[in-house]
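Only one structure is covered here, and it is reproduced in the block below.
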Amino acid sequence: MPALKLGNGKITLSYIDQGEGDICLVFLHGFPFTAELWRPQVDALAHRYRIIAPNLRGFGNSLLPAEPYTLANLADDVAELIAALGLKKVVIVGLSMGGYVAFELFRRHQRLVRALVLADTKPDPDTETAREARARLAQLAESDGSAAVTRELLPKLLAERTRTTHPQIEQQLIQMMDAARPEAIAAASRAMAERVDSRPLLPRITLPVLVIGGSEDSLAPPEPTRAWARALPNAIVHFIKGAGHVSNLERPEEFNHLLSDFLGQVTSRSVRQP
Ligand code: MLT
């Protein structure tokens, strides 16, 4: 997997870079996963599009700098990666934490964004209770290691039906989460706890947006998702029946179908740019 030094040499991000095409998609993974979360999308779409999927700070082979970071820093990393690869405008696809970073990217680097796909995510900041839970999770990672975090998070991630009919998906998540470095989990938890409210941003996102949710997602449930998505001027909203919080893995065919349809619409409406 290639890697680039960014931030004046302080950050090293590894990333999937596959496929070719006039249109580039940049996939931002959720927590505490890696770019491999997007394997079903990379494999299905790389014959038509260039696909970039970075490992965010500390995940996969990407380095974790010693200082704490914010989600704005993660967005700046991705913007720098996009520029370093010579890309001008890309379609950003973010799942959950990746969606939080996508909001920051739009806020800070709007000129790089051609369209947005926001999956299983939300624009709200954490409540006080959620912040306290993040602090506890960060401490758990540091004291008991990643597997303890996996045990805590796993029951919330997948729809019950996915767990019974596709146990290999659960295994894949366990592997990815157990392999995450405890310090990376702690740093990301603390960064998410401090994220800013992106709800005021929604009416300003006039770009095409596809919002995808899972009908069984308990972390970003359909009703609140429908409500915040109404504030987006140019959005399509779709819930994948039977999917939980990791809809791209749980229902890859439907997810890819929605993505392909959306990309078809976006690209037929706009002038192609590298
Ligand atoms: C994720 O999947 O990225 C997490 O559920 C995000 C979060 O903890 O808010």
* Note the count of lysine pairs whose C-alpha atoms are less than 20 angstrom apart in the chain, limited to pairs 8 or more residues apart or on different chains. => 4
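How much accessible area per residue does the chain have, in Å², with a 1.4 Å probe? Before the final figure, lay out each step's value.
Details: 11500 Å² over 274 residues.
That works out to 42 Å² per residue.
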* Asked: In whole Hz, what ³J(HN,Hα) sequence does the stretch 157-171 give by Karplus (6.51, -1.76, 1.60; θ = phi - 60°), x for Gly and Pro?
  -> 8, 10, 5, 3, 5, 4, 5, 7, 8, 10, x, 5, 5, 4, 4
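Can you tell me what percent of all Cα-Cα pairs in the chain are more than 28 Å apart? All intermediate terms of the calculation are to be shown ahead of the outcome.
On the way: 10711 of 37401 pairs.
Roughly 29 percent, once rounded to a whole number.
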* Structure fact -> Counting sequence-distant residues (5 or more places) and residues on other chains, those with an amide H built under 5 Å from that of VAL117 are ILE92, VAL93, GLY94, LEU210
* Asked: Can you run phi through the Karplus equation (6.51, -1.76, 1.60; θ = phi - 60°) for the stretch 130-135 and list ³J(HN,Hα) in whole Hz, with x for Gly and Pro?
  -> 5, 4, 5, 5, 5, 5
* **Accessible area of the stretch 141-184 belonging to carbon and sulfur atoms, whole % at 1.4 Å probe** => 49
* Cα centroid separation, the stretch 109-174 to the stretch 35-93 (Å) -> 18
* Which residues' amide hydrogens lie under 5 Å from the amide hydrogen of PHE239, considering only partners 5 or more residues apart or on another chain, with H built in the peptide plane? -> GLY213
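SER268 to GLU223: FRET efficiency via 1/(1 + (r/R0)^6), r the Cβ-Cβ distance, R0 22 Å, to the nearest 0.05? Please list the in-between numbers first.
Numbers: r = 32 Å, r/R0 = 1.45.
Calculated value: 0.10.
What length, rounded to one decimal in nm, is gained on full extension from SER260 through to LYS10, with 0.36 nm per residue of separation minus their alpha-carbon distance? Can you show the working numbers first?
On the way: separation 250, 0.36 × 250 = 90.00 nm, distance 3.60 nm.
Once the chain is fully extended between SER260 and LYS10, it gains 86.4 nm.
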* To do: Could you go through the stretch 182-196 in sequence order and give the Karplus-derived ³J(HN,Hα) for each residue, using 6.51 cos²θ - 1.76 cosθ + 1.60 with θ = phi - 60°, rounded to whole Hz, and x for Gly and Pro?
  => x, 5, 5, 5, 5, 5, 5, 4, 5, 5, 5, 4, 9, 5, 8
* Work out the length of the dipole vector of the chain about its Cα centre, built from +1 on the beta-carbon of each Lys and Arg and -1 on the beta-carbon of each Asp and Glu, and round it to the nearest 20 debye. => 860
* To do: Report, in deg cm²/dmol and to the nearest 500, the calculated mean residue ellipticity at 222 nm for the chain, where each DSSP H run with n ≥ 4 adds -39500 (n - 2.57) and the sum is divided by the residue count.
  => -14000 deg cm²/dmol
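At 1.4 Å probe size, with the rest of the protein present, what percent of the exposed accessible area of the stretch 15-106 is carbon and sulfur atoms? Intermediate values should be presented prior to the final figure.
On the way: 1290 of 2630 Å².
Accessible surface attributable to carbon and sulfur in the stretch 15-106 totals 49 percent.
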* Inter-label distance for GLN110 and GLU67, nm, one decimal - labels placed 7 Å from Cα along Cα-to-Cβ -> 2.8
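The values are calculated or read from the model by the stated rules, or taken from the named source; none is laboratory data. Source: prediction; values computed, not measured. With ideal geometry, Cβ positions are generated from the backbone for all residues, glycine too; neighbour counts draw on all protein chains shown. For accessibility, only protein heavy atoms count, side chains too; no ligands or nucleic acids. Shrake-Rupley method; radii C 1.70, N 1.55, O 1.52, S 1.80 Å.
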